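The structure appears below as structure tokens.
The values are calculated or read from the model by the stated rules, or taken from the named source; none is laboratory data. All values reported here derive from a predicted model rather than from experimental measurement. In this analysis, Cβ positions are derived from the backbone assuming ideal geometry, glycine residues included, and neighbour counts consider all displayed protein chains. Side chains are part of the model used for accessible areas, which takes the heavy atoms of the whole protein and leaves out ligands, DNA and RNA. Shrake-Rupley method; radii C 1.70, N 1.55, O 1.52, S 1.80 Å.
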Amino acid sequence: MNANEMKSMGLATRAVHAGQQPDASTGAVMTPIYQTSTYAQAAPGDHKGYEYGRVSNPTRTALEGNLAGLEGGKHGICFSSGVAATDAIARCLRPGDHILASNDLYGGTYRLFRQVFGPFGITSDFVDMSDVAIVEAALKPETKLLWIETPTNPLVRLVDIQALSDLARSRGITAAVDNTFATPILQRPLEQGADLVVHSTTKYLGGHSDVIGGAVCTNDDAWAEKLRFLVKSAGAVPGPMDCFLTLRGTKTLDVRMQRHCENAQAIAEFLEADPRVAHVYYPGLPSFPGHDLAVRQMDGFGGMVSFLLSDDSMEAANRVLSATKVFTLAESLGGVESLMNHPATMTHASIPEEERRAAGLHDALIRLSVGIESKEDLIRDLDQALGQ
Ligand code: P1T
């Protein structure tokens, strides 16, 4: 099937087949793990498209084709981690350039923009992107990159991709969307005008919490060329085994996302009705401020649920976080197993306390990555932990 035929296929079909071909030398249906650092040349420059493992690898190529197919993009470019993918994009900026990002986003992205790129003269601001007017007011003449996370991490706020991509385009600014929380099954930002889609493939795409990886997808040839140059020149590449594991994960992405969404919805409804919980953040709740936009922009509400305890203290959070038996207390998300996380002390600890609180990341905020277990067991586990 060529790329155009693939585009007309449903997402579940693309998840299994995009970028996949039986191995040319053996007919192996699954792309082998090409565990090699280099490739034989018959004569100088006479090779089969692969010269050196940092530049490219057939297992990586198969994954890149798969991710591009899922996002509906021309190009997929893989990196050794999600932050390496973000880093590659930011490296294309120059001293004096400005990044405008969401004020509710993965703490490591904040740290990268502020602490790694700040000293190189690249400035960054973080605003509430759920309001287009706030974003417009915060743009500067030197803004070159609009960094959108939606749903955001950890408050699962919704940001209007089409509106912000249109705004960015009208000002000559690149719009990048971190699509890690939604995955292409639920949301395809390139179709909504974004220039770049970024993933931590560590999460839902890999899906089994056994591999770290990142990717960028785009239809923009110039961006693809710049990023491939950085892959070759800066070298943050995933190994063939990691690509194989991620590719094994993406094939079941569609079915897994359905179960993540179903379980998360049930848990959000349970928590919303519980007096021990002050507030529930989940786009699938009609009471949630981003619900209408989620209905328009997404094909499902995702597997991430956050909630605030009625007793907003570190002690109360610690009691719940230490008491679950099915949910594991751990950073990360998107695996088949349910995880819980304390943003204030774990994933978002690198955001200064004042900014963290201002962004709504309270001490007793708990983030759930709802897995694909039986939802009755998950609800029972939360119920008993809330009672501690
Ligand atoms: O961990 P890595 O593969 O480098 O991905 C970074 C990253 C990028 N974008 C989003 C939205 C993320 O959530 C992450 C990583 N997040 C966690 C580890 C976490 O627990 O939130």
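Points worth noting:
- Remark on the stretch 253-386: hydrodynamic radius 15.0 angstrom, per the Kirkwood mean of 1/r across alpha carbon pairs.
- Structure-based [θ]222 nm, the chain - -39500 (n - 2.57) summed over DSSP H runs of at least 4, per residue, nearest 500: -10000 deg cm²/dmol
- Here r is the Cβ-Cβ distance between residue 311 and residue 170 and R0 is 51 Å; the resulting FRET efficiency, rounded to 0.05, is 0.65.
- Here's the list of lysines a cross-link from residue 375 could span, going by alpha-carbon distance under 25 Å and ignoring same-chain residues fewer than 8 apart: 203, 251, 325.
- Rolling a 1.4 Å probe over the heavy atoms of the protein chains gives the chain an accessible area of 41 Å² per residue.
- Projecting the Cα positions of 27, 164, 231 onto the charge dipole of the chain (unit charges on Cβ atoms of Lys, Arg, Asp and Glu, taken about the Cα centre) puts 27 furthest along the positive direction.
- Kirkwood hydrodynamic radius of the chain, from inverse mean 1/r over distinct Cα pairs, in Å: 21.4
- Relative contact order (percent, whole number), the chain, Cα cutoff 8 Å, 6+ residue spacing: 17
- Distance between the 7 Å Cα→Cβ label points at residue 46 and residue 274: 6.9 nm.
- Checking every one of the GluC sites (Glu not before Pro) in the stretch 136-228 against DSSP loop status and a limit of 14 other Cβ atoms within 10 Å picks out 142.
- By accessible area with a 1.4 Å probe, ligands and nucleic acids excluded, highest first: order of 348, 362: 362, 348
- The chain, accessible surface, carbon-and-sulfur percent (1.4 angstrom probe): 53
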